[in-house]
Amino acid sequence: MAAHRCNFPALVFLCTLSVFIVVGSQETTPGSDADASAVNNPQTVLASDPQTVTETAGEQTPEEEPPVEVEEEERRWEATKAEEATPGDAPSRDQAMSEDPPRPPQPTDDFQEELVIRPLHSGDIYTSFQFRTVWDMDFMGGHKVSHYRLFPKSLGQVISKFSVRELHISFTQGYWRTMQWGQPFLSSPPGAELWVWFQDTVTDVDGTWKELTNVLSGIFCASLNFIDSTNTVQPSASFKPLGTGNVTDHRFLRYATLPREIVCTENLTPWKKLLPCGSKAGLAVLMKSEKLFHSSFHSQAVHIRPVCQDWQCKTTSWELRQTLNVVFDLHTSGQGKREWSLFKMFSRTLTEACPLASSSKIYIDITDNPQWDQFELSPATALLSQAVVLGDRRTYSVYDLTQQGTFGSMRSLNALLRWKSNDRDMLRPLLHGERYVAGYGLQTGEIHTLMYNHHPYRAFPVLLLDTVPWYLRMYIHTLTVTSKGKDNKPSYLHYQPSKDRVRPHLLEMLVQLPPNSVTEVTVQFERALLKWTEYTPDPNHGFYVGSSVISALVPSVVAMDTNITQESPLFSSFFPCKEESSYFMRIYTEPLLVNLPTPDFSMPYNVICLTCTVVAVGYGSFYNLLTRTFQVEEPSQGLAKRIANVIRKMRGVPLL
Amino acid sequence: MAAPLTLLLIVAVTVRAALFNSSLADLIAERVEVVSPLNAWKRVVEGLALLDLGISPYSGDVFHETPLIIYLFHFVVDYAEITFMLADGITAVALYMAVKDYNKQVFRRQKYALEADRYPMDCLELIRSPKEMYYIPLKVAMFYLLNPFTILSCVAKSTCGLNNAVIALFVLSTIKGSALLSAIFLAVATYQSIYPVTLFAPALLYLAQRQFIPVNLRRSSFWLFILQLAFMYLGSLFVIVCLSFFLLGSWDFLPSVYGFILSVPDLTPNIGLFWYFFAEMFEHFRLFFLFVFQINVFFYTIPLSIKLKDHPVFLIFMQLAVISIFKSYPTVGDIALYLAFLPVWSHLHRFLRNIFLVSCVLLACSALFPVLWHLWIYAGSANSNFYYAITLLFNVAQILLVSDYFYAYLRREHHLTHGLYLKRADGSEATLVLK
């Protein structure tokens, strides 16, 4: 606050300047632009306001020197009466739909941030941050990219040095409880997950992968350097590139998980540093690690991929998405009172958007509260948005942080939600997976994977990917897939057996899930005894087996939006949607903790000595029999006589 | 003699068939004492399943059988039980015929020696009578077929039974004097599990003596015979290996089968000495001790062949015992094979020193294996050291058993040349010592 007051004179000056700029841009921009963008946003609900057109036109601010704050200052009084109309289309610099888009001469970049808050039926709060940086830059052109603005340099260098085409990395603490919480926008397995598509110019993919994991390990302060050939696989179907390009030769794909990885502050700090504003301004202010890690679920991810610059897709630009998903359990900590606020969750409030961001929004899911009888939201915002996400049409209240009015007179935003009633029911997720180990003892076992299809009448196929470490020797001939008590033969099966100490088992299959059914996949394994140096420091804790990955095109209840535009909310636009009737979903099962038989770690010397003794017993007795012959035993002299003879010898007397 | 043998075979098949149909079969097939990673039936089935999926069975580290085994079971996988019972039957009959023939030769040689007055007068009680030798072949067959080790091995469908059948056929063809068949069966046995290569020495000695070629390295006729036999052996080995190559179209099986046997990467517990030793080994000594332990198996061939050059059949017994004690993945099926030879040496009993102790230890260990395994793996109240201690004791007992028989054999030979009741120079009773 104090800072705001201090540079007030400067702001006034800038205000006047920006007024000129705004007026100028309004003149240069074709008037049809605003209409076009409104038309192309069918899911945007206009808040029945006649001033919409003028408002959006007024927002066509040039991006090059954005005095965002200034504008906000200036329009503070406006915001009370003029509700914002189209979330996302505001300063849309990439005007794909306009007739003659004014192309900037040099590569441009754009940064958007958003926070989605979804009250869950279990009483928990799901908060999801997404930050997107798009840069029209060609890392692969052969020329050296040395000037970075919004895109983090460390990642840009990684992309160009290792010829990365796509990179997806996630760090997760805790397990997402699908049956209580529904589907997350972007799921991730517990621990660390990394998958990378390399350019097809890479010749030594394994070597590049090894180097890349070590570099990423340094960037994110994580144990990614433990990724080696024993936990890397090349899935043939489950992980397709999410960006542009249609190279699907899975030789260039590497996928690895570290289910044991523990995610904490040291991983969050470097992740925050990748943001253009760091944690100094914008939504990232909320990321206070002591609060974020005091939660039921924490997942942070970085996704880098090439995306189309426009809908014709002649040129591509690089997209960096940073996501952070947290589930807070406020119900138990709040003495049974069901209410939350930004301050309660993060112990911070919002005062400004990131000045570098072209859009900065908070979405609060109010789908279940059409008449405001379930809970109330304050400060109230009249701005609504609708998005089709994960086969469900959701309604959101939107706070646009780029508008100063959002912050009110207190100059800080502390959104607060208070429940009025207590009834909870939830749409069951259509697809759900579970996994466990059956059997007892340390010799053999059986992995059971259960896949639930809750759709009442539609069957759909799913791809199941299982990566099992080599020390659980899997027997593929024991694989059974049953649904509704009947054998359900997978229509596609890709199996790569393991090599001891070299590579894991990879099992991928395409299974059709009948409607309203449970499909059970079982496979038996044998637990290996390892060398004593191959055990982890706490061997009796057990060994982790990474989550199974279930990828599916789930039939959608509502028509999906196949036309992802720049304006749609970030959380709904990650997976490209090819058809309206279904949407892509990837879920992860629980990781497994499997005990292995252990040797006695205190015994190496004893074992070496004892075993060698036994071998020596064998050798000695054979040697004895082989080299000696039977002879009649000579009567042996008594000890006294021998001593006497020695003395006699010394005396020179004849022996006895 | 055919009738008791038939009866024995019927009894053996009945016992096996009953066990195959009982619930015990699955339990036995999981026992680490009975199956090793090399010969477990579960892995054979896995190999066939991989082949059905269009994946080379050798691309993974589960299947370590030779291509011929895949080829065999590709056709008879539905009749696996019958195949394994048949293999046991073949082993027993082959051993029966071999021992019968061998006893005939022993008796003939004894007769010549007696006629030539080569035995001292007081050795008459060491002379073997045809009456006591009459039942030996049947006892051999019985020792093999009704040995619990063999039965377990057969019920678990361990391919060890097939290897034993090949070795038994090798013994039979050697004793019958057929050099070519002997070389072929030895090649198959070697191809199946490297170690039987050490049986080349006894085969060479036996066949040379049978063809009255003096065993003398200075004689060119002996060298010629060595070359002849080695050519037959290596030739058939080459043919089999090439055949395997053409069956699968790749050499992948060489590292996967022989590399696996020699480098011991799988440390699944078994009754041998390797698993715990290499699980606890310091990494930088691993290769050294691997060499030491593997050379140990092959190394005894030379001194034993020199010492026992006139007794090649006993040498076969010794080699089989050494292999089954010191091989990298031993199972009880391997032990059963050399235990089957014990009735052949029943005349040595008066010279055995600690047979009672050794047999007690062997029996106790066999009973303790499953107990301590249960305590370690299922109950969690013991640890690996318990099971390891039993394997140590079991192997010590085997070593003592074999060396005791070796001692007794040498001592009898000594008595046959020097007389049974030896006297010292002063006329008092002498004791024999090894010097």
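Bear in mind that the values in this text are calculations on the coordinates, not laboratory data. Because the structure is a prediction, the values reported are computed rather than measured. FYI the Cβ positions are ideal-geometry reconstructions off the backbone, even for glycines, and counts take in every protein chain you see.
Which value does Rg/Rh take for region A:192-233 over its C-alpha atoms, Rh per Kirkwood?
Numbers: Rg = 10.2 Å, Rh = 10.7 Å.
Value, to two decimals: 0.95.
Along its first, second and third principal axes, ordered by size, region B:60-167 spans 65, 24, 22 Å in Cα coordinates.
Local charge for B:Lys111 was computed over the other residues whose Cβ lies under 14 Å away, with Lys and Arg +1 and Asp and Glu -1, and equals +3. Expressed as a fraction of 2.2 N^0.38 Å, the C-alpha radius of gyration for region B:230-297 is 1.43. Take every Cα-Cα pair in the protein assembly as shown and report what % of them are more than 42 Å apart. The answer is 54 percent, as a whole percent.
Other chains near B:38-51: what is the mean number of their Cβ atoms within 10 Å of each residue's Cβ? Working shown, then result.
Details: counts 0, 0, 1, 0, 7, 4, 1, 4, 7, 2, 1, 6, 4, 0.
Mean shielding count: 3.
A crude spin-label estimate for the pair A:Leu510 and B:Ala80, with each label 7 Å from Cα along the Cβ direction, gives 3.1 nm. Would you mind getting me the FRET efficiency between B:Ala18 and A:Ile647? Use the beta-carbon distance for r and R0 = 45 Å, nearest 0.05. So the FRET efficiency works out to roughly 0.05. For A:Ser223, the shell of other residues with beta-carbons less than 12 Å away shows a net charge of -2, using +1 for Lys and Arg and -1 for Asp and Glu.
Legend: Rg and Dmax of region B:317-379, from Cα coordinates, 14.4, 46 Å.
Between A:Lys288 and A:Lys484, what is 0.36 nm times their sequence separation minus the Cα-Cα distance? Round to one decimal in nm.
On the way: separation 196, 0.36 × 196 = 70.56 nm, distance 4.76 nm.
Extending this stretch completely gives an extra 65.8 nm.
A Stokes-Einstein calculation at 20 °C with viscosity 1.002 mPa s, built on the Kirkwood radius of region A:607-650 over Cα pairs, returns a diffusion coefficient of 153 µm²/s. Each residue of region B:375-391 is assigned a 3J(HN,Hα), and the resulting list reads 4, 6, 7, 9, 7, x, 8, 10, 10, 4, 4, 5, 5, 4, 4, 5, 5 Hz, derived from the Karplus form 6.51 cos²θ - 1.76 cosθ + 1.60 (θ = phi - 60°), x at Gly and Pro.
The C-alpha atoms of region A:316-408 occupy a region whose extents along the principal axes are 49, 32, 26 Å, arranged from largest to smallest.
Once phi is turned into θ = phi - 60°, what whole-Hz ³J(HN,Hα) does the Karplus curve with 6.51, -1.76 and 1.60 give for every residue of region B:138-155, x standing for Gly and Pro? Whole-Hz 3J(HN,Hα) from phi for region B:138-155: 5, 4, 4, 4, 5, 4, 7, 6, 9, 5, x, 4, 5, 4, 4, 4, 5, 5. When peptides A:460-472, B:215-227 are ranked by their average number of other Cβ atoms within 10 Å per residue, the highest-first order is A:460-472, B:215-227.
Sorted largest first, the spans of the alpha carbon positions of chain B along the three principal axes are 76, 54, 53 Å.
On a 0 to 90 degree scale, rounded to 10, what angle separates helix B:67-76 from the longest Cα axis of chain B? Orientation of helix B:67-76: about 70 degrees from the principal axis.
Could you work out the relative contact order of region A:476-522, using alpha carbon pairs under 8 angstrom and six or more residues apart, expressed as a whole percent? Don't skip to the end; give the middle numbers.
Numbers: 65 pairs, mean separation 21.8, N = 47.
Relative contact order, region A:476-522: 46 percent.
Could you compute how fast region B:107-181 diffuses translationally, taking Rh as the Kirkwood radius over C-alpha pairs and applying Stokes-Einstein at 25 °C with viscosity 0.890 mPa s? Give it in µm² per second.
Working: Rh = 15.6 Å.
Estimated via Stokes-Einstein, D reaches 158 µm²/s.
Rounded to the nearest 20 debye, the dipole size of chain B about its Cα centre is 1680 debye, using +1 on the Cβ of Lys and Arg and -1 on the Cβ of Asp and Glu.
Backbone phi angles across region A:117-124, fed through the Karplus curve with coefficients 6.51, -1.76 and 1.60 (θ = phi - 60°), yield HN-Hα couplings of 10, 10, x, 9, 6, 7, x, 7 Hz in residue order; Gly and Pro are listed as x. Per-residue mean of foreign Cβ neighbours for B:263-269 is 4 (Cβ atoms of other chains, 10 Å radius). Under 5 Å from the amide H of A:Glu590 lie the amide H atoms of A:Arg435, each residue being 5 or more positions distant or on a separate chain, with H modelled from the backbone and absent for Pro and chain starts.
At a Förster distance of 25 Å, what's the computed FRET efficiency of B:Glu429 paired with B:His349, Cβ-Cβ distance as r, to 0.05?
Details: r = 22 Å, r/R0 = 0.86.
The formula returns an efficiency of 0.70 here.
Within the shell of other residues whose beta carbon sits under 13 angstrom from the beta carbon of A:Leu593, the net charge comes to +1, with Lys and Arg scored +1 and Asp and Glu -1.
Here is the P(r) of region B:152-236: all C-alpha pair distances, binned every 10 Å from 0, give 18, 47, 24, 8, 3 in whole percents.
Could you work out the helix-only [θ] at 222 nm for chain B, with each DSSP H run of four or more residues adding -39,500 (n - 2.57) and the total divided by the number of residues, to the nearest 500 deg cm²/dmol? Each step should come with its number before you reach the end.
Details: 20 runs with 287 residues, N = 435.
Calculated mean residue ellipticity at 222 nm is -21500 deg cm²/dmol.
Under a model in which nothing but the beta-carbon of Lys, Arg (+1) and Asp, Glu (-1) is charged, the protein assembly as shown shows a dipole of about 7260 debye around its Cα centre. Computed over the alpha-carbon atoms, region B:320-435 gives an Rg to Rh ratio of 1.13, Rh here being the Kirkwood radius from the mean inverse distance.
Panel values: region A:423-493, Kirkwood radius from alpha carbon pairs, Stokes-Einstein at 25 °C and 0.890 mPa s, translational diffusion coefficient 165 µm²/s. Considering the zone a paramagnetic label at B:Asn216 would reach in this model (a point 7 Å from Cα along the Cα-to-Cβ line), which residues of region B:299-327 have amide N under 17 Å from it? Hits in region B:299-327 for B:Asn216 at 17 Å: B:309-310. Distances between placed amide hydrogens fall under 5 Å for A:Met137 paired with A:Trp318, all partners being 5 or more residues away or on another chain.
Each of A:Lys314, A:Lys484, A:Lys531 was scored by other Cβ atoms within 10 Å of its Cβ. Listed from fewest to most, they are A:Lys314, A:Lys484, A:Lys531.
Rounded to 0.05, the FRET efficiency of the A:Phe343 and A:Asn225 pair, given R0 = 60 Å and the Cβ-Cβ distance, is 0.95. Neighbour counts of C-beta atoms inside 10 Å place A:Ile647, B:Ile175 in the sequence A:Ile647, B:Ile175, starting with the fewest. Note on chain B: with a GNM built from Cα contacts shorter than 10 Å, the maximum mean-square fluctuation among B:Asn270, B:Asn385, B:Asn39 falls on B:Asn385. Look at the stretch B:421-434: the mean tally of other chain Cβ atoms within 10 Å of its residues' Cβ atoms is 3. Of the peptides B:420-432, B:346-358, B:158-170, the order by per-residue mean of other Cβ atoms within 10 Å, starting with the highest, comes out as B:158-170, B:346-358, B:420-432.
Database remark: amide H of B:Lys176 closer than 5 angstrom to no amide H (H placed geometrically; neighbours at sequence offset of 5 or more, or on other chains; Pro and chain starts carry no H).
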